[in-house]
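Each value in this text was obtained by applying a stated rule to the coordinates, not by laboratory testing. Computed from a predicted structure; not experimentally measured. Here the Cβ positions follow ideal geometry from the backbone for every residue, glycine too, while neighbour counts run over all protein chains shown.
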Amino acid sequence: MKAGYLRGAILTLLFYNVSSLSIAADTKDDSTLEKQKEALLTIRDFATSICDSVKAQGKATAWEGSTGAKAKLGGVVKIISDLGVEGAEKYKSSEYEGVLQTDLSKVLTEQGSCRHSVFVELKDKLIPDAVAIKPIVSSSARDSILGRFGLTVKEVEDNNDITTSLHKSEEEGTLWIEYKQPLFGKIFTVAQSLDDSKKTEMARAYYSLYGGDGSLFKNADFAEAHSMCTITRYNSMLSKLIERFGIPTDIKDPSEEEAYSNEGGTTYKGISKTAGAGWRFSDESKLLFQIRSSEKERVYGNAQITWKCVVQLCAIPKGWKKSCFEIPGIEL
């Protein structure tokens with residue numbers, strides 16, 4: 001469940017870490033901060049739950065005609081009020097309860113922005129003195145890649161002091177450039193499309209690690225490939241993106257699985273298949289972040305296990321229907 005995962009990883013995924021919260025140390029003691037965090041967690045869980053229901057059933061069924069959904073909202077108000085957080089108490093009265101329901105109905109939508117809108121609406125009303133999330137540094141997917149959007153190849157090179165290589169698709173005749181970009185402490189390869197006027201468009205930034213046993217992967221590091229695809233590393237990378245781009249529009253929960261290395265009999269834990277997040281911005285650009293892993297057993301005389309971990313971003317300009325890749329469960 002998305003709500004369950006977010007509860008467990010909330011400090012890194014939603015609030016990024018304490019340093020990313022604008023809290024005055026001289027005005028907020030530890031107990032107040034913990035109460036506010038618990039209240040914010042409660043709101044986040046409710047936002048996930050109600051928005052998933054609205055998306056699946058429609059607003060009329062999931063909210064307007066559902067006494068159960070409104071009862072859950074009342075439960076959220078009670079939990080936060082019982083925590084002693086100022087702001088929630090007045091919404092326990094029938095008069096203000098109706099106002100809260102009406103205001104919430106205005107921001108409920110079947111679109112991907114639902115969770116963020118509901119979260120902000122309830123946070124501002126129930127926890128008016130809550131921690132302030134740092135201003136978002138960027139509001140466009142173009143800021144995730146050096147080539148941005150709408151630049152000539154020369155501008156990309158001159159602006160970033162990098163070298164690019166030009167490529168052409170034999171089948172479609174389309175052009176793209178490749179260059180290197182540092183991300184998450186690694187050097188990623190960026191493949192960026194060029195439009196008819198040879199200016200930058202959609203871009204995919206990716207970093208791949210292969211690991212395995214035996215002579216086929218003599219120079220590969222099985223442990224490093226696994227460490228790259230752990231939930232801990234995923235949380236770290238996602239938190240950096242959240243600090244820059246804000247709360248994701250949608251998120252795909254990670255889950256872990258165990259893998260076994262023949263050499264040394266070591267067991268590793270890594271993300272199972274795929275996890276990621278997506279952002280949709282006010283300029284109608286989109287950004288996808290994904291960690292994808294795969295494990296195969298190949299037999300060449302002896303059984304050999306191989307592990308692949310891919311971390312990638314896709315920056316999508318306004319108007320583009322295509323994407324570099326898809327993340328199951330993510331809709332923007």
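Note on Glu97 and Lys168: their simple-model spin labels are 7.0 nm apart, each label 7 Å out from Cα toward Cβ.
Could you work out the local net charge near Lys90, counting Lys and Arg as +1, Asp and Glu as -1, over the other residues with Cβ closer than 12 Å to its Cβ? Around Lys90, the charge tally is -2. Please give the net charge around Lys321, taking every other residue with its beta carbon less than 13 angstrom from that of Lys321, where Lys and Arg add +1 and Asp and Glu add -1. Spelling it out: positives minus negatives among the neighbours equals 0.
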